[in-house]
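Inspection log for the structure reproduced underneath, given as structure tokens.
The values are calculated or read from the model by the stated rules, or taken from the named source; none is laboratory data. Quantities reported herein were computed from a predicted structural model and do not represent experimental measurements. Here the Cβ is made from the backbone with ideal geometry for all residues, glycine too, and neighbour counts use every protein chain on show. Side chains are part of the model used for accessible areas, which takes the heavy atoms of the whole protein and leaves out ligands, DNA and RNA. Shrake-Rupley method; radii C 1.70, N 1.55, O 1.52, S 1.80 Å.
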Amino acid sequence: MNSPMEKTGYKILLQSGSVAKEDLDRVFQESESSENSFSELLVQWGVIKENQMLELYSKNLGIPIINLKTASVDPAVLAKVPIKFPTYYKFFPVKLQNRKLTIAVSKLMEVHTVDEIRFGLGYEIETVFALGKDIEEMINRHYGLAADTVEKILTQQISGGETPVAVPSEDLEDIGRLADAPSVVQLVNQIIFEAFKKRASDIHLEPYRGKVRLRYRIDGELHEQRVPPEMKKFFMAIISRVKIMANLNIVERRLPQDGKARVKTQNQNLDLRISSIPTPHGESMVIRILPSNMVIRLEDLGFHATHLKTFRELIEKPHGIIFVTGPTGSGKSTSLYAGLQSINTSERKIITIEDPVEYELEGITQLQVNPEIGLNFARGLRSMLRHDPDVMMVGEVRDLETADIAIRVALTGHLVMSTLHTNDAASGATRLLDIGVEPFLVASSVIAFIAQRLVRVICPYCKKENPEVLAEVKERIVRELKLPHMDFPVYEGHGCDECHGTGFSGRTAIHEFLLVGPQIRKLIFRRTPSEHIKAKAMELGMTSLRQDGWRKVLEGLTTPEEILQVTPPDEFEHHLTSAPEEDKHKNGMLFSMVPGNKVKIEGPVSQSFLEKRSYPRIKVKVPVKYQIIHKDEESKKKEEYRRRGKIAQSEDLSASGVAFLVPEILTSGTMLEMQIELSDSEGAIECIGKVVRQIQLEGKPEDSEYGFMVAATFLAIASGDRMRIERFCREKGLSEKV
């Protein structure tokens, strides 16, 4: 039976003419037997938008509408309204003045309901309208996620006795019973469901002294979720409940455990990958959320049209090995899954070996490693060969044995796909050499190294042009993409309800394709350093990660800050480094080391190679203070004492590195803490650098203590400081030309 207020709502909407009578009658009739009210069903069925419905109610009843997200909330008001009232009656307390409590509601409140709230809280009640999702969000934000469920757990008692639900940590039997209690089950479900609604990829449950922490990783960034302080009292029961879902041992708390579970929410099956580790204050747990029926299409991964065409050609090759490189969480496995799905036909036998299996792919045989019984990547690879595969995927190449087998499999007529943890594509080749693979095997088997990163996509609902973008940023984009001078808009997200105030919604990938052709193969065979391989690849037309990122900025998909944060700078040549043999041409001189630390001019360098520098480099003398970073603290103290007050002098400078004079030998690879004083009155630049080359000066004056020149590249430097150096070099260079 519909209440009087619902009948009033029916009349208001009917008289307004905003909704057809037959639609109103249909919803009104359904609401008589539904748990949801007439107003709630109208919105759920899409008959009318909630904001339009509330505007009609407000106009006819004289009840104002407020925006809860911009309203100021007094914590003292929340303290006087227990969580059980807002969650049960679905309202949010806004203000309390002269014993009159103003509450925000999203539907017409019955008179007897208002009387119940008045009697329960002891205040006169005044109502205002607000959106239902805003009310729910404000309850979670100010009272804590699932605060109502926490309240129920704290007030109930374990059946059969008077033991409180929040049991002592050593009472394992009660913990097991509590983990299966309906209220704890509901709480865990709420945590997972809320993560799913916010598009989170991971849930972090972390215990600390006197409190617990809940965080969601959304679009690669961690976001803190407010939880009630009382959750600490039964945090162990929450962890045990998740363990039960994953068939883990709830008694074992001293060792890490890994498992998986499957849940269903909103007609979507979710695979949960669960990992727990022991900490001094309890077990810390991370839950990875993976949609089990996710269809991954190559077109949806952010490939540039040229890259997409190249990738399709690579995965159609009959043999060879393809490596996708990047740090953890950069989407390497997802790209490989998409590639496998696109070639998954009845004519191909595809087998994968993974740790763990993230997505289940129909029609593909997937094998999960299990080190506890001796099933590692190498052993699994050997067994997979006896199953007559056409295509094989190895989750990750971690050691020489796995790499050697995978490469030899590729040489015997199979297409192999795998991943490596490297910063860029060119480093993939040197990583294989570093772990012990012979150069001729790498050069003859690998057909491509593909570097990948994920960048956040600007929310389309709050996307606006950013007029405050520095001119230097636009100049850098134009210069590094080798475009003619042009102006273009740069966008950003301002934050809205759709993106939960972050300004971003989803992520896309940027790529760097290093195809192993004859010239690159020759460099790998010679064990050429990765920076020279990258330089040659770009000379042959390769687009770097940063350049592909800049294209995403030009397309309005992401921001320059995102690209600078996730991509390494395109630095191919530091001072005093030698280039590959085939790059020794004309227009420029190249220095290298010879026995005795003497400077030797090896010959000219091609202008095309020198033009690959990303940053302008100038001859300039500025003070450079440095000290060596030692692992041994005692030797570091001695070094600091010996070097106190010593300042070196730079010879040239760029935003990628600096060459300066020193009085001592600094071997290649030495890490330095550096201070660089620019003549721009903005203070010293502090950074960490790495020595890449040192030479001994010939014919130095007898009264000079500086007998060596060192070239160091910047490893850890603030992006603002790097841009400051770049601006300094450009202005200095222009002034010298004038």
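Structure data summary
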{"quantity": "Residue among Val105, Ser72, Gly46 farthest towards the positive dipole end of region 3-107, charges placed on Cβ", "calculated": "Ser72"}
{"quantity": "Viscosity 1.002 mPa s, 20 °C: Kirkwood-radius Stokes-Einstein D of region 436-548 over Cα pairs, µm²/s", "calculated": "126"}
{"quantity": "Length gained when the stretch Leu222-Asp434 is fully extended (0.36 nm per residue, less Cα-Cα span)", "calculated": "72.9 nm"}
{"quantity": "Dipole-positive endmost among Ser427, Gln696, Asn376 within the chain (Cβ charges, Cα centre)", "calculated": "Gln696"}
{"quantity": "Cβ-placed point charges (K, R +1; D, E -1), dipole of region 372-530 about Cα centre in debye, nearest 20", "calculated": "540"}
{"quantity": "Probe 1.4 Å, protein heavy atoms only - accessible area per residue of the chain in square angstrom", "calculated": "49"}
{"quantity": "Cysteines in the chain lacking a second Cys C-beta under 4.7 Å", "calculated": "Cys687, Cys729"}
{"quantity": "Under-5 Å amide H pairs with Asn466, H placed in peptide plane, nonlocal only", "calculated": "Val490, Tyr491, Glu492"}
{"quantity": "Nonlocal amide H pairs with Val324, under 5 Å, H built at 1.01 Å", "calculated": "Ser418, Thr419, Leu420, Ile450"}
{"quantity": "Alpha-carbon centroid distance for the pair region 421-450 / region 100-140, whole angstrom", "calculated": "64"}
{"quantity": "Dipole moment magnitude, nearest 20 debye, region 11-91 about Cα centre, only Lys, Arg, Asp, Glu C-beta charged", "calculated": "360"}
{"quantity": "Qualifying GluC sites (Glu not before Pro) in region 1-87, DSSP loop, other Cβ atoms within 10 Å at most 11", "calculated": "Glu32, Glu35"}
{"quantity": "J(HN,Hα) series, region 137-144, from Karplus relation 6.51 cos²θ - 1.76 cosθ + 1.60, nearest Hz, glycine and proline x", "calculated": "5, 5, 5, 5, 6, 9, 8, x"}
{"quantity": "Members of Lys211/Lys243; Lys107/Lys211; Lys260/Lys332; Lys197/Lys463; Lys264/Lys332 lying beyond 31 Å, as alpha-carbon distances in this model show", "calculated": "Lys107/Lys211"}
{"quantity": "Pair-distance profile P(r), taking every C-alpha pair of region 473-531, with 10 angstrom steps and integer %", "calculated": "16, 22, 28, 21, 12, 2"}
{"quantity": "For region 2-130, with +1 on Lys and Arg beta carbons and -1 on Asp and Glu, the positive-most of Ser16, Gly122, Leu61 along the dipole", "calculated": "Gly122"}
{"quantity": "Region 8-61-region 370-410 distance, computed between alpha-carbon centres (Å)", "calculated": "61"}
{"quantity": "Packing-based ranking, highest mean first, of 82-88, 508-514 given that Cβ atoms within 10 Å are counted", "calculated": "508-514, 82-88"}
{"quantity": "Computed label-point distance, nm, for sites Glu362 and Lys100 using a 7 Å Cα→Cβ extension", "calculated": "6.2"}
{"quantity": "Length-normalised contact order for the chain - Cα pairs under 8 Å, 6+ apart - percent", "calculated": "6"}
{"quantity": "Cβ crowding within 10 Å averaged over residues, with 142-150, 346-354, 420-428 ranked highest first", "calculated": "420-428, 142-150, 346-354"}
{"quantity": "Rounded to the nearest 20 debye, dipole of the chain from Cβ charges on Lys, Arg, Asp, Glu", "calculated": "900"}
{"quantity": "Using θ = phi - 60° and Karplus 6.51 cos²θ - 1.76 cosθ + 1.60, couplings along region 184-189 (whole Hz; Gly, Pro as x)", "calculated": "5, 4, 5, 5, 4, 4"}
{"quantity": "Value of relative contact order over region 368-508, rounded to a whole percent, pairs C-alpha under 8 Å and six or more apart", "calculated": "18"}
{"quantity": "Average Cα contact separation per residue, region 292-369, under 8 Å, 6 or more apart, as relative contact order %", "calculated": "28"}
